[in-house]
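Reading through the structure tokens given below for one structure.
The values are calculated or read from the model by the stated rules, or taken from the named source; none is laboratory data. Predicted model only: the values in this text are computed from it and were never measured. Methodologically, a virtual Cβ is constructed for each residue, glycine included, from the backbone with ideal geometry; neighbour enumeration extends over all protein chains shown.
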Amino acid sequence: MSKRFFTREQIEQLSSNENVVRVGKTIVYSKDFKIKAVKLYNKQGLTSKEIFRQAGFDLNVIGKQKPKDCLLTWNKIYRLKGEKGLRTETRGKGGGRVKTKNLTDAEKIKWMEAEIAYLKAENDFLAKLRAKRAE
């Protein structure tokens, strides 16, 4: 996560860029820009900084490392899921704690059995690790 804070002027400058959806603590880039950037990076061999400069970004505002970080992330998504992966918003989806509140009793039992099996396997692994270290 970025520790960069934008001034009002920088937010206005970034918001006026057609490749930006919104600016807050972070910059949300348009889906079309992400796809275009990945294609320019992979097919034409442009560097991440060149792509961002051509798109009208000031690297002193967004950060000199930001283009490289973005392209690495977007390229990974593109390789795994294609264009559809870059068009799908995934922030705030998944992750976090497993919700057991609205499960039926049978589902809760199944979930708890799976958790117990996982914890037993983890304990067995740790016991073997300790035994190996003691040798």
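Among the residues of segment 5-62, the ones that are crowded, with 16+ Cβ neighbours inside 10 Å, touching a residue at least 24 places away in the same chain (Cβ under 8 Å) and not in a helix (DSSP H, G or I) come to 7 in all. Among the residues of segment 72-128, those identified as of a type in the set (A, V, I, L, M) and farther than 25 Å from residue 42 by Cα are 98, 103, 106, 109, 112, 114, 116, 117, 119, 121, 126, 127.
Only a single criterion out of (1) surrounded by fewer than 11 Cβ atoms within 10 Å (Cβ to Cβ); (2) touching a residue at least 40 places away in the same chain (Cβ under 8 Å) is not satisfied by residue 131, namely (2).
Would you point out the residue of segment 69-102, among those that are among the hydrophobic types (A, V, I, L, M, F, W, C) and at pLDDT 85 or above, that is surrounded by the fewest Cβ atoms within 10 Å (Cβ to Cβ)? Only one residue fits best here, namely 80. Of all residues in segment 88-98, at least one satisfies being out of contact with any Lys or Arg (no Cβ under 9 Å at 6 or more places or on another chain) and among the hydroxyl-bearing types (Ser, Thr, Tyr).
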